[in-house]
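First the structure, in the form of structure tokens, and then the observations on it.
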Amino acid sequence: MLQHSDPTSSTLQLVANDMTDIMETLDTRELDLEDGEYDTTDTQVPAEHLPFKVIYHTVGFKESEAKVFLSSPITAKILEVERFTSAQDRFNVTAQRSVNKSLPAVFKIELKHGEFTWLVKRKEKHFMDLHRELRTYKTFMRLPLPTRSHTIRRHPGERSEVRQMPNLPRGGRDELAREEQVSSRRKQLEDYLNKLLKMSMYRNYHATMEFIDVSQLSFIHDLGPKGLEGMVQKRSGGHRIPGLNCCGRSNICYRWSKRWLVVKDSFLVYMKPDSGAISFVMLVDKEFGIKMDSKDTETTHGVRVDSLSRSLVLKCSSYRHARWWGQSLEGFVQKHGAAFLTDHRFGSFARQEENVLAKWYVNGKTYMEDVADALEEAKEEIFITDWWLSPEIFLKRPVVEGNRWRLDFILKRKAQQGVKVFVMLYKEVELALGINSGYSKRTLRHLHPNIKVMRHPDHVSSAVYLWAHHEKIIIIDQSVAFVSGIDLAYGRWDDREHRLTDVGSVALSHLEQASSAPSTNAAPPNGGGSASQSNGKTIFTVTDSVDQPKLKSQGRMKRTKFSIRRHLQKHGLAQADSDSDLEAEEMSDPVQTGVGDLFGNTRFWHGKDYCNFVYRDWIQLEKPFDDFIDRHTTPRMPWHDIASVVHGSAARDVARHFIQRWNFTK
């Protein structure tokens, strides 16, 4: 970091002489567009808060559609002026005076915009370069280019606002300028910057935004406070993941690229200026560290940022530049992201959170119902990772609302609303497991472009076979996180009844008489459902596919009834002298749900969801509504597992874990 000592009289004298040229060059009157026609459309619509979704819609830095600023004004204040000389010059006054114009001053500027406050350091040369580019931009805007869609005449008030910008007076050339003169000129330079930032035309210009270190990620509230930003040269490689680095460590193997670096509370990213794409994210962790020595960075002036996943090397223009970046980056992370820089209880990366809303489950019914409700409330992001995921499972049962609560329909509906969906699946060894994650991936990806799916690991390249991902996590908007042992897959839905049979169908009880009236059926997409209309009312049901395999005992319900009973008695699952009849109970007792009473032979498990993996493993998963075991002779396998959900800061920690896994896999 640059020194923050108060300017001495000697420093102020040197600055006074250096100010002469810039005072002659800077003149805000040159930015006046004068009268005439030009495009005054403000391409940015300022807002009180930029939504988190902005991160998925970044554009090139020079594009006028970039959304950067809030509705509040930006203010700038020059806190101090720093001057640096060589050790030899400190002892040679004559030499000091002779080189005073070649030793640039550095201005430490504090900027405020809404809730955000940050610092930048700029030389006089940077002010001059900005002013020169804005003059070129002004000239360009005055040209009647045919590519501009339309031009409108500027309002008199707007012309007056530009003309009222004060002129920066030229400073004196006296080498022994008084401290008051230097202070006055510093104030003039500060006024110049503030005037520019009040004019949307120049504030929104990419050169101005680069001058004050802002980008499309600067003022998003959900990304935390604004940290250091700026254009850097980053070196390729440095990954600690096998296969991502060049085979050698010679300088000839490295490639330097121009990127825009953004430092946030507990992570940093860099973006491609041409497209605005976020090309890399580094989360800080217990191995986070900053190194600035040339032997560590392998460059003359540079900064090396270390973490568990990568050693990122940045090239700087000077020794002071490297120190400013390295020390500022380290200080910001230590202040805002200290919680992730050390291990916590049980060796966790996340600290223990207090007063967190949480809930736990013991069966799939209540768990999947809450998952469905949470998914329906998603506004920004959905993260899902599973050992196995079946796109066609119903999260709410019995099915009386068509496909509304089918997993793939929910995800497609949210994706169409603009929600980004990220799904990570375990890539199985196909000879050993029949979960067909390839089918799940294809099915989800074809639903909508906003749904991204990856599988891991690649067994051939990684030589990993007897190992699997077993995490079952669902995260909504990084504020609600389900952490469980229940996959969103066939056979997992169950309730406390743990029924062994499921041979019926279900309908709404208040439409019971509709069955005797004429009706028309229409099958929804992908099969497995029908909608019957009667007397202006609709009954939604789900049935098995019409082309399902012919089962031996279909159509012989009376015989099947006694076969199941004998089967249960044989395995000790029912008493021989019991007068109860499982199917009779299901037919006589209505099921209570949130949509009214249900009647009939309740159908909870459709197609592949009716399973008994001890009797037979799953086959033909691409035909989800085809039975693969005879539900009239073979009981289903009940399922029981635990799950939990957490909210708030604990959910964000779970989201951080998912993001780390996603980036690792990608």
*Scanning for something among the aliphatic types (A, V, I, L, M), open to solvent by 70 Å² or more (accessible area, probe 1.4 Å) and at pLDDT below 50, does the stretch 93-104 turn up at least one residue?*
yes
*asked:* I'm trying to understand the selection: among the residues of the stretch 257-278, which are surrounded by 14 or more Cβ atoms within 10 Å (Cβ to Cβ) and of a type outside the set (A, V, I, L, M)?
replied: R259, W260, K264, D265, S266, F267, Y270, K272, P273, G276
*Please specify each residue of the stretch 205-222 satisfying the condition of being closer than 29 Å to D653 by Cβ and open to solvent by 20 Å² or more (accessible area, probe 1.4 Å).*
H221, D222
*What pairs can you find where one residue is in the stretch 345-374 and more than 12 Å from V646 (Cβ to Cβ), the other is acidic (D, E) and open to solvent by less than 60 Å² (accessible area, probe 1.4 Å), and their Cβ atoms are less than 6 Å apart, with a gap of 6+ or different chains?*
N363/D494; N363/D495; G364/D494; K365/D495
*For residues in the stretch 303-329 being more than 28 Å from the chain's Cα centre (by Cα) and free of Cβ contacts under 8 Å to residues at least 60 places away in the same chain, which is most open to solvent (accessible area, probe 1.4 Å)?*
Y319
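Here is a check on your reading of the model: is N601 assigned to a loop (DSSP other than H, G, I, E, B), among the polar types (S, T, N, Q) and at pLDDT below 85?
Against the criterion (assigned to a loop (DSSP other than H, G, I, E, B), among the polar types (S, T, N, Q) and at pLDDT below 85), N601 qualifies.
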*Do any residues in the stretch 190-205 that are under 20 Å from M141 (Cβ atoms) have Cβ atoms under 8 Å from those of residues that are open to solvent by 30 Å² or more (accessible area, probe 1.4 Å) and of a type in the set (S, T, N, Q), where the two are at least six apart or on different chains, and which pairs are they?*
L197/T75; M201/T40; N204/T43; N204/S64
*Mind checking whether some residue in the stretch 345-353 is within 16 Å of S484 (Cβ to Cβ) and out of contact with any Cys (no Cβ under 9 Å at 6 or more places or on another chain)?*
no
*Filter result (of a type in the set (S, T, N, Q), open to solvent by 30 Å² or more (accessible area, probe 1.4 Å) and at pLDDT below 90) within the stretch 393-438*: N436
*Given (1) more than 30 Å from F664 (Cβ to Cβ); (2) at pLDDT 65 or above, where does S484 come up short, assuming only one miss?*
(1)
_Residue list for the stretch 434-448, filter: touching a helix residue (DSSP H, G or I) at 6+ places or on another chain (Cβ under 8 Å) and within 13 Å of F422 (Cβ to Cβ)_ = L444, H448
*Considering the stretch 605-626 alone, what residues qualify as being in contact with a helix residue (DSSP H, G or I) (Cβ under 6 Å, 6 or more places away or on another chain) and either outside any loop (DSSP other than H, G, I, E, B) or of a type in the set (D, E) (or both)?*
E622, D626
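Quick test for you: out of D581, D630, pick the one residue that is at pLDDT below 50, over 30 Å from I474 (Cα atoms) and not β-branched (V, I, T). Outline the logic, then answer.
On the way: D630 fails: at pLDDT below 50.
Selected residue: D581, the only one of D581, D630 that is at pLDDT below 50, over 30 Å from I474 (Cα atoms) and not β-branched (V, I, T).
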_If I ask for residues that are of a type in the set (K, R) and touching a strand residue (DSSP E or B) at 6+ places or on another chain (Cβ under 7 Å), which ones from the stretch 254-280 would you list?_
K258, R259, K272
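The values are calculated or read from the model by the stated rules, or taken from the named source; none is laboratory data. This is a predicted model, so every value here is computed, not measured. As a convention, Cβ positions derive from the backbone with ideal geometry for all residues, glycine included, and neighbour counts pool all protein chains shown. Ligands, DNA and RNA are stripped out before the accessible areas are found, and what is left, the full protein with its side chains, is counted by its heavy atoms. Shrake-Rupley method; radii C 1.70, N 1.55, O 1.52, S 1.80 Å.
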